[in-house]
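Structure record follows, encoded as structure tokens.
The values are calculated or read from the model by the stated rules, or taken from the named source; none is laboratory data. The structure presented is a predicted model; accordingly, all values stated were derived computationally and were not measured. Cβ placement follows ideal geometry from the backbone for every residue including glycine, while neighbour counts extend to all protein chains displayed.
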Amino acid sequence: MLLIATLAVAFAASAQKADSMKRTLTFDRHSNRDVTNYTSDGKRHEHITTNWKGTYYEAIFVNDKMTELFVEGEKIQQANWAKYSTVVAQIREQIRKDRIQAKKDQAQARLDQIQARKDQEQARLDQQEAARDQEQARKDQEQAKIDQQQAQRDQEQARKEQEDARKDQEQAKMDQEQAHKDQIQARKDQEEARKDQALMKQLLADLVSDKIVPHADSVKELILDSNEMTVNGLKQPDEVFKRYKEKYKRFSGGEFSFENSGNIHGIHMSRNKVSDN
């Protein structure tokens, strides 16, 4: 605040000098200055000194309103300020641009400092990395010797594995042949199951048609073999048994049973001989 008050007094004193008095050039006429400060009453003072295209200008502004103008140290009366309005405007515009550029330069300088610190840190890390690389290279050489010894053991192991692979191929060939046989048998089993299902559907229909059961779903258990026939635990008369035995030789030729209760559902049968029926 003392500095601001002092500058304010200095500005007031300069304004009281006679208009005809030649202003002493206290600054280097080839330097450019723009000093801004605030007085205790909150007014904004700006003091501009600049060499603009070979002519030395000095201007004082209070709250952005020009209060004094000097050209080559000569105070210009306010009545003549209009002649200098263009050059004053150009000077102030250049100052505005310079301020913007100065802020950019400061920001860039901060970024450059940050980058410089990063570069220094990276250089330190690179040195550490180089030291680790050297140590790793030494370890790699030692490992290379170990790897050569291991390679010799691996070659011997490879020969053994080749022999094992040859045996495995022979076994795989036998497995493929067996798998082929299994596939053929599976197709046969599927075909047998299809015939059983179709024949069972027909048998259930006959039971309903013969009024042995009211409907197919009511058959919970059925047994048919070479000796007898039971439906839901009831042994059927010989006449019925013989008729079904003859018609369904595929079932009666072995031990055949059918269950449809709870979680149990399906045909259970072992055949001694499979009929075409």
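For the reader, a short list of remarks on this structure follows.
Conditions tested, residue by residue: (1) over 60 Å from the mean Cα position of the chain (by Cα); (2) outside any loop (DSSP other than H, G, I, E, B); (3) at pLDDT 95 or above; (4) in the same structural domain as A198 (by TED's automatic domain parsing).
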residue	(1), (2), (3), (4)
L222	yes, yes, no, yes
S226	yes, no, no, yes
R250	yes, yes, no, yes
E255	yes, yes, no, yes
E259	no, yes, no, yes
I267	no, yes, no, yes
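- Cβ separations smaller than 8 Å between residues 6+ apart or across chains give no pair from the range 204-215 residues that are over 12 Å from Y244 (Cβ atoms) and without any contact (Cβ under 8 Å) to a residue 12 or more places away in the chain to residues that are among the polar types (S, T, N, Q) and surrounded by fewer than 10 Cβ atoms within 10 Å (Cβ to Cβ).
Per-residue answers, yes or no, for (1) exposed (fewer than 15 other Cβ atoms within 10 Å of the Cβ); (2) β-branched (V, I, T); (3) in a helix (DSSP H, G or I); (4) at pLDDT below 95:
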residue	(1), (2), (3), (4)
A13	yes, no, yes, yes
K17	yes, no, no, yes
S20	yes, no, no, yes
T24	yes, yes, no, yes
D28	yes, no, no, yes
S40	yes, no, no, yes
H47	no, no, no, yes
K103	yes, no, yes, yes
Q115	yes, no, yes, no
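- Pairing each residue of the range 128-143 that is free of Cβ contacts under 8 Å to residues at least 12 places away in the same chain with any residue that is acidic (D, E) and not in a helix (DSSP H, G or I), provided the two are 6+ apart or on different chains, yields no C-beta distance under 7 Å.
- Some residue of the range 206-213 being of a type in the set (S, T, Y) and either surrounded by 10 or more Cβ atoms within 10 Å (Cβ to Cβ) or not in a helix (DSSP H, G or I) (or both): no
Yes or no, residue by residue, for (1) surrounded by 15 or more Cβ atoms within 10 Å (Cβ to Cβ); (2) part of a helix (DSSP H, G or I); (3) of a type in the set (K, R); (4) in the same structural domain as I267 (by TED's automatic domain parsing):
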site	(1), (2), (3), (4)
I146	no, yes, no, no
A158	no, yes, no, no
E170	no, yes, no, no
D182	no, yes, no, no
Q202	no, yes, no, yes
E239	no, yes, no, yes
K242	no, yes, yes, yes
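- For the range 69-87, a residue qualifies if it is under 17 Å from N32 (Cα atoms) and crowded, with 18+ Cβ neighbours inside 10 Å, and the qualifying residues are L69, F70, V71.
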